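**Q** One structure, as structure tokens, below. Some questions next.
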Amino acid sequence: MEQQFAPALDRLCKLIETASRDLRTPIKFALIGGLAVSAWGISRATRDIDFLADSDPSPLIDRRLRDSLKNILDKHGCHAVWRMGGLDDPIPLLLRIEMTRSYPDLSADILWVHKLWHRAALRRSIALNVMGRRINVLHPEDLIVMKLEAGGPQDLLDVQSLLASRSRKISLRRLKANAARRQLATLLETCLKEVGWPR
């Protein structure tokens with residue numbers, strides 16, 4: 001899968017950069033999801049490429065920007081679809097990109113920032129070498145909180161793997177404080193207990 005992921009990741013990054021330039025709207029983005037977990041040195045199988053992105057204006061409130069971004073991606077051989085949720089939806093806006101001609105087995109999801117802490121997490125993202133390309137990856141603490149918030153079985157396994165890595169970048173005190181601010185302290189404690197991290 002890595003042989004296919006590397007060129008697909010590179011192409012996606014270039015497409016986002018092209019769209020940012022053509023629209024004259026800077027788009028900041030960073031890896032999240034399984035590939036971000038792998039970027040932090042944890043073996044993790046995935047078939048998707050996931051990003052967190054932000055721009056000003058945001059496509060959350062600018063329909064013309066949504067349409068223009070979709071048109072640019074479609075023009076470059078992708079199939080792009082906006083998925084909009086309601087106001088109370090945990091993911092109110094997501095852009096699904098399929099590169100069916102070049103990489104039929106892969107898809108990419110771009111989650112657009114809709115919370116202040118997501119925007120702060122993007123600012124804290126760290127440039128890493130991922131499959132031969134320098135790309136911003138969410139800081140492991142922010143990745144953990146995002147996955148705790150998602151709360152799916154694979155998300156919690158990823159949290160445990162990130163915690164078990166005992167990365168020096170993870171400050172347990174800061175992580176607990178961030179989780180508590182989002183009412184995720186109990187879930188974090190459960191994951192910490194699973195990996196035997198001292199309290």
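The values are calculated or read from the model by the stated rules, or taken from the named source; none is laboratory data. Bear in mind that the values here come from a model prediction, so they are computed numbers and not experimental data. Reconstructed Cβ throughout: ideal geometry from the backbone, glycine too, with neighbour counts over all protein chains shown. To get the accessible areas, we keep the full protein, side chains included, count just its heavy atoms, and leave off ligands, DNA and RNA. Shrake-Rupley method; radii C 1.70, N 1.55, O 1.52, S 1.80 Å.
**Q** Where residues in segment 124-142 are part of a strand (DSSP E or B) and of a type in the set (S, T, N, Q), which of them is surrounded by the most Cβ atoms within 10 Å (Cβ to Cβ)?
**A** N136
**Q** For segment 1-47, how many residues meet the condition of being in a loop (DSSP other than H, G, I, E, B), of a type in the set (K, R) and within 23 Å of L143 (Cβ to Cβ)?
**A** 2
**Q** Here is a further query. Taking the conditions exactly as written (of a type in the set (S, T, Y), at pLDDT 95 or above, closer than 22 Å to A36 by Cβ and touching a Lys or Arg at 6+ places or on another chain (Cβ under 9 Å)), does S125 satisfy them or not?
**A** Taking the combined requirement at face value, the residue satisfies it.
Conditions (1) within 30 Å of K75 (Cβ to Cβ); (2) not in a loop (DSSP other than H, G, I, E, B), marked per residue:
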{"position": "Y103", "(1), (2)": "yes, no"}
{"position": "A108", "(1), (2)": "yes, yes"}
{"position": "W117", "(1), (2)": "no, yes"}
{"position": "A121", "(1), (2)": "no, yes"}
{"position": "Q154", "(1), (2)": "no, yes"}
{"position": "L157", "(1), (2)": "no, yes"}
{"position": "Q160", "(1), (2)": "no, yes"}
{"position": "L188", "(1), (2)": "no, yes"}
{"position": "K193", "(1), (2)": "no, yes"}
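This table checks each residue for (1) of a type in the set (G, A, S); (2) open to solvent by 40 Å² or more (accessible area, probe 1.4 Å); (3) over 19 Å from I42 (Cα atoms); (4) within 18 Å of the chain's Cα centre (by Cα).
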site	(1), (2), (3), (4)
D155	no, no, no, yes
R173	no, yes, yes, no
K176	no, yes, yes, no
E194	no, yes, no, no
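**Q** Failed condition for I170, given (1) part of a helix (DSSP H, G or I); (2) over 13 Å from L31 (Cα atoms); (3) not charged (D, E, K, R), with all others met?
**A** (1)
**Q** Go through segment 143-152 and count every residue that is in a helix (DSSP H, G or I) and over 17 Å from R124 (Cβ atoms).
**A** The total comes to 1.
**Q** Scanning segment 48-100 for residues that are closer than 24 Å to D142 by Cα, part of a strand (DSSP E or B) and of a type in the set (D, E, K, R), which turns out least open to solvent (accessible area, probe 1.4 Å)?
**A** D54
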